[in-house]
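The values are calculated or read from the model by the stated rules, or taken from the named source; none is laboratory data. None of these values were measured; they are calculated from a predicted model. FYI the Cβ positions are ideal-geometry reconstructions off the backbone, even for glycines, and counts take in every protein chain you see. Heads up: the accessible areas ignore ligands, DNA and RNA and are worked out on the full protein's heavy atoms, side chains in. Shrake-Rupley method; radii C 1.70, N 1.55, O 1.52, S 1.80 Å.
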Amino acid sequence: MRVVHRRPATVRCLTALTLGMLALTGCSTDDGPAAATASVTSAAPAPSPDRTAPSTTPTGTAPSGTAPSGTKPSGTGARWAGTKQFVQIDDARTADGRTYLSVRPAQKKPHPQFEAWVIVPGEGPYTEVSMTGDAQVLLSVPLGDAKHPSSYAQADFVGRLTARPSSDRALLGYDLSFDGEGRVTRVQSLYTP
């Protein structure tokens with residue numbers, strides 16, 4: 001008599017789900033667990049001493065760089081100096097040969113049914129940060145043309161982002177890397193179905 005052992009379909013499904021989740025957590029090009037943890041952390045604006053509006057400049061820290069005329073320089077970018085952050089980007093623009101992003105911290109969670117991410121919007125105001133001239137931009141669907149991230153020019157990124165309605169922008173999330181002065185050196189959009 002020959003005995004055949006079969007795995008129940010539920011075990012195969014759970015195994016596939018587990019492997020999919022592992023693939024999602026390991027598919028970024030971050031520099032290890034510390035970088036993955038840093039990408040989910042966020043910095044909230046602190047109230048100003050007069051309590052009239054939130055201040056984005058950390059105590060005792062002067063904002064780095066200069067902002068274009070008509071806007072205030074942002075200290076939140078300096079607070080993120082040397083870190084990786086996960087954010088939403090509400091708007092992008094180019095002025096004085098530099099690209100500026102309006103960002104707000106958010107959270108990302110694996111999609112329960114697909115190999116994709118679900119974006120949990122942040123709260124509070126958006127803060128403007130600048131990009132370095134040689135910042136790398138990696139985009140995937142729906143902002144890019146493919147499921148896997150591909151390189152784009154900063155001008156293409158600004159055009160693609162601003163062409164989308166603001167309601168669509170709230171569903172998109174990005175991993176940003178900051179240099180020591182709080183300027184964005186890398187933007188990567190997350191694949192969302």
- [ ] Give the number of residues within region 148-157 that are surrounded by 12 or more Cβ atoms within 10 Å (Cβ to Cβ) and touching a Phe, Trp or Tyr at 6+ places or on another chain (Cβ under 9 Å).
- [x] 1
- [ ] Could you look through region 79-108, keep only residues that are assigned to a loop (DSSP other than H, G, I, E, B) and of a type in the set (Gly, Ala, Ser), and pick out the one that is nearest to TYR126 (Cα to Cα)?
- [x] ALA106
Open item on the list: Checking the structure you have, find out if any residue of region 142-153 is at pLDDT below 95 and of a type in the set (A, V, I, L, M).
Closed with: yes
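If only one of ASP156, ASP91 is of a type in the set (Asp, Glu) and within 15 Å of the chain's Cα centre (by Cα), which one is it?
ASP91
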Task: Contacts under 7 angstrom Cβ, first residue in region 138-160 being farther than 15 Å from LEU171 by Cβ, partner among the aliphatic types (A, V, I, L, M) and part of a loop (DSSP other than H, G, I, E, B), 6 or more apart - done: LYS147/VAL141
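For every residue, the table says whether it meets (1) surrounded by 15 or more Cβ atoms within 10 Å (Cβ to Cβ); (2) in contact with a strand residue (DSSP E or B) (Cβ under 6 Å, 6 or more places away or on another chain).
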| residue | (1), (2) |
| --- | --- |
| TRP117 | yes, yes |
| GLU128 | yes, yes |
| MET131 | yes, yes |
| ALA135 | yes, yes |
| VAL141 | yes, no |
| PRO165 | no, no |
| TYR174 | yes, yes |
TODO: Please enumerate the residues belonging to region 183-193 that are at pLDDT below 95, part of a loop (DSSP other than H, G, I, E, B) and touching a strand residue (DSSP E or B) at 6+ places or on another chain (Cβ under 8 Å).
DONE: LEU190, TYR191, THR192
TODO: Go through (1) open to solvent by 20 Å² or more (accessible area, probe 1.4 Å); (2) among the polar types (S, T, N, Q); (3) over 20 Å from SER130 (Cα atoms) and name the single condition THR192 misses.
DONE: (1)
